[in-house]
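Working notes, structure below.
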Amino acid sequence: MSVHTPFMRDGAIDYDSLRGLVDRGIEAGSTTMLLTYGDSLFSLLTDDEVAAVTKVVADQAAGRAAVVAADRIWWTGKTVAFARYARDVGADMLMVLPPDWAGSCTADSFVAHYATVAAEIPVMVVTNVFSRSQAMGLEVLRRLRDETPGVIAIKDDLVGAFARKMALLLHGHWAIISGGQKQNHFDLIHYGCDGYLSTFVTFAPQITQTYWQAVQTKDWGEAARIIREYDMPYFDYVLSVKGGFDAALHGTYEHFGLSQRWRRPPYHSLTDEQMEELSQLFVDLKLS
């Protein structure tokens, strides 16, 4: 489960709903709560709020699911300090997203950054930091695999040829997960991808469970059916929504009574008209 930070209409973080989302994901079978810079809307949070959200999720999941904390694109010293904090409040791993403005990092400085943080807490790499140079990204991943035992997992956001090469490079060494579409996971299964972020796990867990059962039994036709009938229609819609897919995801949570649709400005929150259109999608998918 990728943790999406919920808000009240006035912009306050809705911690009650956040706890409820953690419970919902665990009850649906997710064994990991994954905080991310993107989905968890760290772009709208202060450093203190990132710390508070991390602690709430770790406290709520304690003993029931692993917790992957996330940083906020900090320099190495700040990331190390947060790694210690995340470890102390009960997080099991830290997804590290280094700063790289204007292509400022080199392969050496990337490796040093990850290795320094991995001395404090097990580290997950996220691949979108390598979008400017996939060749350098593969070099960094190879070196981390061979030189830094504290790096143990990776989340892919780049898909395509890079993801296939990444999975072949790291399979059997690190845990490999793909981003939040079943179709991306399906593309990587035979290259060594271990899991994926399930968007459906909180609001339609039966879809997640049916897909995962098909994967475990290697019923590829059934897995493809779930992608065709649910994953593709949902993402085709939400990726076209004014305000972006995250606005639609928060609207989805409101539709299913899990939290409210609101996000802090300047991010767009779904209008009433958009909520009506989204509700019709779930009727068409026979999920509502």
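Inside segment 4-27, can you point out the residues that are within 23 Å of THR210 (Cα to Cα) and open to solvent by 50 Å² or more (accessible area, probe 1.4 Å)?
ARG24, GLU27
Go through (1) touching a strand residue (DSSP E or B) at 6+ places or on another chain (Cβ under 6 Å); (2) open to solvent by less than 70 Å² (accessible area, probe 1.4 Å) one by one and return the number of the condition ASP92 breaks.
Going through the list (1) touching a strand residue (DSSP E or B) at 6+ places or on another chain (Cβ under 6 Å); (2) open to solvent by less than 70 Å² (accessible area, probe 1.4 Å), ASP92 breaks only (2).
Can you find a residue in segment 204-216 that is open to solvent by 90 Å² or more (accessible area, probe 1.4 Å), in a loop (DSSP other than H, G, I, E, B) and of a type outside the set (D, E, K, R)?
no
Which one of ALA52, ALA81 is open to solvent by 50 Å² or more (accessible area, probe 1.4 Å), farther than 30 Å from GLN206 by Cβ, among the aliphatic types (A, V, I, L, M) and not in a loop (DSSP other than H, G, I, E, B)?
Numbers: ALA52 fails: open to solvent by 50 Å² or more (accessible area, probe 1.4 Å).
None of the others qualify; the one that does is ALA81.
Looking at segment 223-282 only, could you name the residues that are closer than 26 Å to LEU44 by Cα and of a type in the set (Val, Ile, Thr)?
Listed by number, the residues that qualify are VAL238, VAL241, THR252, THR271.
For residues in segment 96-151 being of a type in the set (Asp, Glu) and surrounded by 15 or more Cβ atoms within 10 Å (Cβ to Cβ), which is farthest from ALA83 (Cα to Cα)? Quick ask: steps written out before the conclusion?
Residues of segment 96-151 that are of a type in the set (Asp, Glu), as a first pass: 100, 108, 120, 139, 146-147.
In the following step, the residues that additionally are surrounded by 15 or more Cβ atoms within 10 Å (Cβ to Cβ) were identified as 100, 120, 139.
Details: ASP100: 19, GLU120: 6, GLU139: 24 Å.
Residue satisfying both the conditions and the ranking: GLU139.
Please enumerate the residues belonging to segment 177-190 that are over 18 Å from the mean Cα position of the chain (by Cα) and either at pLDDT 95 or above or part of a loop (DSSP other than H, G, I, E, B) (or both).
none
From SER40, SER30, grab the single residue that is open to solvent by less than 50 Å² (accessible area, probe 1.4 Å) and either free of Cβ contacts under 8 Å to residues at least 60 places away in the same chain or more than 20 Å from MET93 (Cβ to Cβ) (or both). I'd like the intermediate steps shown before the answer.
Working: SER30 fails: either free of Cβ contacts under 8 Å to residues at least 60 places away in the same chain or more than 20 Å from MET93 (Cβ to Cβ) (or both).
Unique residue meeting the criteria: SER40.
Could you tell me whether ALA28 is within 17 Å of GLY195 (Cβ to Cβ) and over 16 Å from the mean Cα position of the chain (by Cα)?
Yes, satisfied.
Tell me which residues, restricted to segment 247-274, are assigned to a helix (DSSP H, G or I), open to solvent by less than 20 Å² (accessible area, probe 1.4 Å) and either farther than 21 Å from GLU229 by Cα or of a type in the set (Lys, Arg) (or both).
Going through segment 247-274, the residues assigned to a helix (DSSP H, G or I) turn out to be 247-255, 272-274.
Okay, now just the ones that are also open to solvent by less than 20 Å² (accessible area, probe 1.4 Å), so 247-253.
Those that are assigned to a helix (DSSP H, G or I), open to solvent by less than 20 Å² (accessible area, probe 1.4 Å) and either farther than 21 Å from GLU229 by Cα or of a type in the set (Lys, Arg) (or both): ALA247, HIS250.
Can you tell me how many residues within segment 37-53 are farther than 19 Å from VAL22 by Cβ and of a type in the set (Asp, Glu)? Give the derivation first.
In the first step, residues of segment 37-53 are kept if they are farther than 19 Å from VAL22 by Cβ; the result is 43-44, 46-48.
If we keep only those that are of a type in the set (Asp, Glu) as well, we get 47-48.
Residues that pass the stated criteria total 2.
Please tell me if ILE154 is open to solvent by less than 10 Å² (accessible area, probe 1.4 Å), among the β-branched types (Val, Ile, Thr) and not in a helix (DSSP H, G or I). Spell out how you get there, then give the answer.
Details: open to solvent by less than 10 Å² (accessible area, probe 1.4 Å): yes; among the β-branched types (Val, Ile, Thr): yes; not in a helix (DSSP H, G or I): yes.
It is true that ILE154 is open to solvent by less than 10 Å² (accessible area, probe 1.4 Å), among the β-branched types (Val, Ile, Thr) and not in a helix (DSSP H, G or I).
The values are calculated or read from the model by the stated rules, or taken from the named source; none is laboratory data. Because the structure is a prediction, the values reported are computed rather than measured. Please note: Cβ atoms are built from the backbone with ideal geometry, for glycine as well, and neighbour counts cover all protein chains shown. Please note that ligands, DNA and RNA were not included when accessible areas were found on the heavy atoms of the full protein model with its side chains. Shrake-Rupley method; radii C 1.70, N 1.55, O 1.52, S 1.80 Å.
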